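Readers should treat all values here as calculations from the given coordinates under stated rules, not as data from a laboratory. It should be emphasised that the depicted structure is a prediction, and the values quoted were computed from it without experimental measurement. Counting neighbours? That spans all protein chains shown, and the Cβs are built from the backbone with ideal geometry, glycine included.
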Amino acid sequence: MEWDLKLPGRYRGISQENRKGRNPFEGLLRAYGLERGNAKELCEADPLFREAVTLAAGRSFLARTSAMNIFMLLKFFAPRLPAGHIVEFGSYLGGSAILMARIPQETMPGARVVGFDTFSGMPATDPSIDAHFEGEHPGADLDALRAYAAQKNLSNLDFVQGMFEDTAEAALDALGPVALVHIDCDIFSSVAFSYDVVKKYLVPGAYIVFDDPLYGHCLSAFEAVEDRLVQRDRLHAEQVYPHLVFRAL
C-alpha cells in the first residue's frame with residue numbers, strides 16, 4: 001500500500017534538517033499525523049501493522065497510538081539508520097516486544113529484538129517519588145511467552161530474565177549496535193539505568209522511545225528523563241506525542 005503522511009501547508013517551514021540532535025519535521029510528521037492527520041487511518045489499513053498488533057493482542061498495555069508510532073519508526077525511519085538491533089526494557093507480558101519483532105522481519109532484515117524484564121514483578125521502588133510498589137505486575141509466564149514467539153515464527157526475538165543491573169550489559173555486548181530502544185518502565189531507577197546502560201550501544205540517530213513518563217502516575221519516570229537525557233546529556237525531544245521520543249547523538 002502507498003503511504004502519504006500529510007501535514008498542513010502552514011508547517012512547511014519546520015526544519016527538515018538536524019536541529020539540536022533531532023529532526024523536528026519527522027517528529028511532527030508522525031505526531032501530527034497521529035493526533036490530527038491521517039496516520040491512524042494509514043496504520044489501520046496497513047497489513048503489516050494489523051498483523052503485528054494481532055500477534056501482540058492481550059499481551060500489552062501499549063496504547064494503540066503508541067503502537068502506531070513504533071510501527072512507523074520501524075517501517076520508515078529506523079531502516080535509514082546505520083544497522084542496529086531493537087531493545088526493550090520492561091517487556092512484562094511481551095506484547096510490545098512481539099509487535100517490534102514482527103515489523104523488522106519485513107523492514108530491517110537481520111535486526112534482532114531483545115526484551116529485558118524480571119518477569120516476576122517490579123523491583124524495589126522509592127516511595128518518595130515512585131507511585132508503584134515492589135512486586136507490582138507479577139505473573140508473567142516466560143516459558144509460555146517464549147513458546148508463543150516460537151509458534152509465531154518470531155525467531156528474531158529473545159527475552160532476558162532478571163534484574164537489569166545483572167543481565168543487561170552482557171546481553172547488549174553480545175547483541176551489538178542498537179537502532180531503537182523502547183524503555184517501558186514506570187519507576188525512576190529502572191528508567192535511569194535502562195538509558196544509561198544502553199547509551200553506549202546506540203548508533204548515531206538511534207531512537208530512544210519512552211512509554212511511561214507522560215502518564216500521571218509515572219512522574220518518577222519523567223524525572224529520570226529530565227535528569228539523564230535533558231539536564232545531563234542535553235538532548236531535545238523529537239516527539240512528545242503520543243510518547244516521548246529522543247535521538248541519540
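Filter the stretch 190-230 for residues that are charged (D, E, K, R) and not in a helix (DSSP H, G or I); which is farthest from LEU172 (Cα to Cα)?
Step by step, filter the stretch 190-230, then rank; the result is ASP212.
Can SER120 be described as buried (at least 17 other Cβ atoms within 10 Å of the Cβ), of a type outside the set (A, V, I, L, M, F, W, C) and either touching a residue at least 24 places away in the same chain (Cβ under 8 Å) or touching a Pro at 6+ places or on another chain (Cβ under 9 Å) (or both)?
Numbers: buried (at least 17 other Cβ atoms within 10 Å of the Cβ): no; of a type outside the set (A, V, I, L, M, F, W, C): yes; either touching a residue at least 24 places away in the same chain (Cβ under 8 Å) or touching a Pro at 6+ places or on another chain (Cβ under 9 Å) (or both): yes.
It is false that SER120 is buried (at least 17 other Cβ atoms within 10 Å of the Cβ), of a type outside the set (A, V, I, L, M, F, W, C) and either touching a residue at least 24 places away in the same chain (Cβ under 8 Å) or touching a Pro at 6+ places or on another chain (Cβ under 9 Å) (or both).
Assess whether ASP4 counts as being within 21 Å of VAL209 (Cβ to Cβ), acidic (Asp, Glu) and either out of contact with any helix residue (DSSP H, G or I) (no Cβ under 7 Å at 6 or more places or on another chain) or touching a residue at least 40 places away in the same chain (Cβ under 8 Å) (or both). Walk me through how you get there before you give the answer.
Numbers: within 21 Å of VAL209 (Cβ to Cβ): no; acidic (Asp, Glu): yes; either out of contact with any helix residue (DSSP H, G or I) (no Cβ under 7 Å at 6 or more places or on another chain) or touching a residue at least 40 places away in the same chain (Cβ under 8 Å) (or both): yes.
No.
Just give me the residues in the stretch 146-172 being over 14 Å from PHE116 (Cα atoms) and surrounded by fewer than 18 Cβ atoms within 10 Å (Cβ to Cβ), in sequence order. Give the steps one after another, and end with the answer.
Pass one, the stretch 146-172, residues over 14 Å from PHE116 (Cα atoms): 147-156.
Those that are over 14 Å from PHE116 (Cα atoms) and surrounded by fewer than 18 Cβ atoms within 10 Å (Cβ to Cβ): ALA147, TYR148, ALA150, GLN151, LYS152, ASN153, SER155.
What do you reckon, is VAL160 out of contact with any Lys or Arg (no Cβ under 7 Å at 6 or more places or on another chain) and not in a helix (DSSP H, G or I)? So that I can check it myself, show each step before the final result.
Working: out of contact with any Lys or Arg (no Cβ under 7 Å at 6 or more places or on another chain): yes; not in a helix (DSSP H, G or I): yes.
Against the criterion (out of contact with any Lys or Arg (no Cβ under 7 Å at 6 or more places or on another chain) and not in a helix (DSSP H, G or I)), VAL160 qualifies.
Which residues, taken from the stretch 70-89, are crowded, with 18+ Cβ neighbours inside 10 Å and either in contact with a His (Cβ under 8 Å, 6 or more places away or on another chain) or among the basic types (Lys, Arg) (or both)? Can you show your working first?
First, the residues of the stretch 70-89 that are crowded, with 18+ Cβ neighbours inside 10 Å: 70-75, 77-78, 81, 84-89.
ILE70, LYS75, ILE86, VAL87, GLU88, PHE89, listed by residue number.
Among residues belonging to the stretch 15-43 that are in contact with a helix residue (DSSP H, G or I) (Cβ under 7 Å, 6 or more places away or on another chain) and outside any loop (DSSP other than H, G, I, E, B), point out the one that is surrounded by the fewest Cβ atoms within 10 Å (Cβ to Cβ).
We begin by selecting, within the stretch 15-43, every residue in contact with a helix residue (DSSP H, G or I) (Cβ under 7 Å, 6 or more places away or on another chain); these are 15-16, 26, 28, 30, 33-34, 39-40, 43.
From the residues that got through so far, the ones that are outside any loop (DSSP other than H, G, I, E, B) too are 26, 28, 30, 33-34, 39-40, 43.
Numbers: GLU26: 22, LEU28: 20, ARG30: 24, GLY33: 21, LEU34: 23, ALA39: 23, LYS40: 15, CYS43: 23.
The selected residue is LYS40.
Return the only residue of TYR201, TYR195, TYR241, TYR215 being within 17 Å of the chain's Cα centre (by Cα) and either farther than 21 Å from GLY115 by Cβ or of a type in the set (S, T, N, Q) (or both). Walk me through it before giving the result.
On the way: TYR201 fails: either farther than 21 Å from GLY115 by Cβ or of a type in the set (S, T, N, Q) (or both); TYR195 fails: either farther than 21 Å from GLY115 by Cβ or of a type in the set (S, T, N, Q) (or both); TYR215 fails: either farther than 21 Å from GLY115 by Cβ or of a type in the set (S, T, N, Q) (or both).
Result of the check over TYR201, TYR195, TYR241, TYR215: TYR241.
For the stretch 163-193, which positions are small (Gly, Ala, Ser), more than 20 Å from LEU99 (Cα to Cα) and touching a strand residue (DSSP E or B) at 6+ places or on another chain (Cβ under 8 Å)? So that I can check it myself, show each step before the final result.
So in the stretch 163-193, the residues small (Gly, Ala, Ser) come out as 168, 170-171, 174, 176, 179, 189-190, 192.
The next check asks that each one be more than 20 Å from LEU99 (Cα to Cα); those that pass are 168, 170-171, 174, 176, 189-190, 192.
Of everything in the stretch 163-193, those that are small (Gly, Ala, Ser), more than 20 Å from LEU99 (Cα to Cα) and touching a strand residue (DSSP E or B) at 6+ places or on another chain (Cβ under 8 Å) turn out to be ALA168, ALA171, GLY176, SER190.
What's the total number of residues in the stretch 216-229 that are within 22 Å of ILE70 (Cα to Cα) and either buried (at least 21 other Cβ atoms within 10 Å of the Cβ) or of a type in the set (Val, Ile, Thr) (or both)?
Count: 5.
From the list GLY139, GLY94, GLY90, pick out the single residue that is touching a Phe, Trp or Tyr at 6+ places or on another chain (Cβ under 8 Å), farther than 17 Å from PHE188 by Cβ and of a type in the set (Gly, Ala, Ser).
Working: GLY139 fails: touching a Phe, Trp or Tyr at 6+ places or on another chain (Cβ under 8 Å); GLY90 fails: farther than 17 Å from PHE188 by Cβ.
Only one candidate qualifies: GLY94.
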